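Notes follow once the structure below has been shown.
The values are calculated or read from the model by the stated rules, or taken from the named source; none is laboratory data. Given the structure is predicted, the values throughout are model-derived calculations rather than measurements. Cβ placement follows ideal geometry from the backbone for every residue including glycine, while neighbour counts extend to all protein chains displayed. Quick note on the areas: whole protein, heavy atoms, side chains included, nothing else; ligands and nucleic acids left out. Shrake-Rupley method; radii C 1.70, N 1.55, O 1.52, S 1.80 Å.
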Amino acid sequence: TDNSGNDVRAFVYEKLQDPKLRTFLLSVEEDIRAFLADNKLQSKICPPMTSYYRMVIHRVAAYFGLEHNVDASGKAVIITKVPNTRQ
């Protein structure tokens, strides 16, 4: 679950069934896995996006155990590796 008690596995599974979101989710997963594999990076700023897509990023980040916050503009999500981050 994420900080607000949402079951992130169930959320991801449900959204993968939606053809419109499937491509986005798979792209997000690919980007996060590349970020996790890069030992030189500690944080990553995702591009600005709609509130719905930001929520998706937050949930996927929670699935991987990443810290996730919005930037100062409130339009982009910043993900950060923490000790309990999993690959």
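What is the local net charge at E14, summed over the other residues whose Cβ is closer than 14 Å to its Cβ (Lys, Arg +1; Asp, Glu -1)?
After counting each charged neighbour, the total is +3.
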Alpha-carbon gyration tensor eigenvalues x 5, square-rooted, for the chain, Å: 19, 15, 13
Using the Karplus equation 6.51 cos²θ - 1.76 cosθ + 1.60 (θ = phi - 60°), what ³J(HN,Hα) coupling, rounded to whole Hz, does each residue of the range 39-54 give in order, writing x for Gly and Pro? 5, 7, 9, 9, 9, 9, 9, 7, x, x, 7, 5, 4, 5, 5, 4
Karplus-derived 3J(HN,Hα), 6.51/-1.76/1.60, for each residue of the range 80-87, Hz, glycine and proline x: 9, 6, 9, x, 8, 5, 10, 9
Quick calc: nm separation of the 7 Å Cα→Cβ label points for K15 and Y53 -> 1.2
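Name the trypsin sites (Lys or Arg not before Pro) in the range 51-87 that are in a loop by DSSP and that have at most 12 other C-beta atoms within 10 Å, would you?
The qualifying sites are R86.
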Using unit Cβ charges (K, R positive; D, E negative) and no other charged atoms, how large, in debye to the nearest 20, is the dipole of the range 8-80 about its Cα centre? 100
Using θ = phi - 60° and Karplus 6.51 cos²θ - 1.76 cosθ + 1.60, couplings along the range 72-77 (whole Hz; Gly, Pro as x): 4, 6, x, 10, 10, 9
Figure the gain on full extension for Q87 and E67 (residue separation times 0.36 nm, minus the Cα-Cα span) and round it to one decimal in nm. 5.8 nm
Report in % the part of the accessible area of the chain that belongs to carbon and sulfur, leaving out ligands and nucleic acids; probe 1.4 Å. 52
Could you check the simple spin-label distance between L26 and K75, using points 7 Å along Cα→Cβ, in nm with one decimal? 2.9
If amide H atoms are built 1.01 Å from N in the plane of the peptide, which residues on other chains or at least 5 residues away come under 5 Å of the amide H of V70? I78
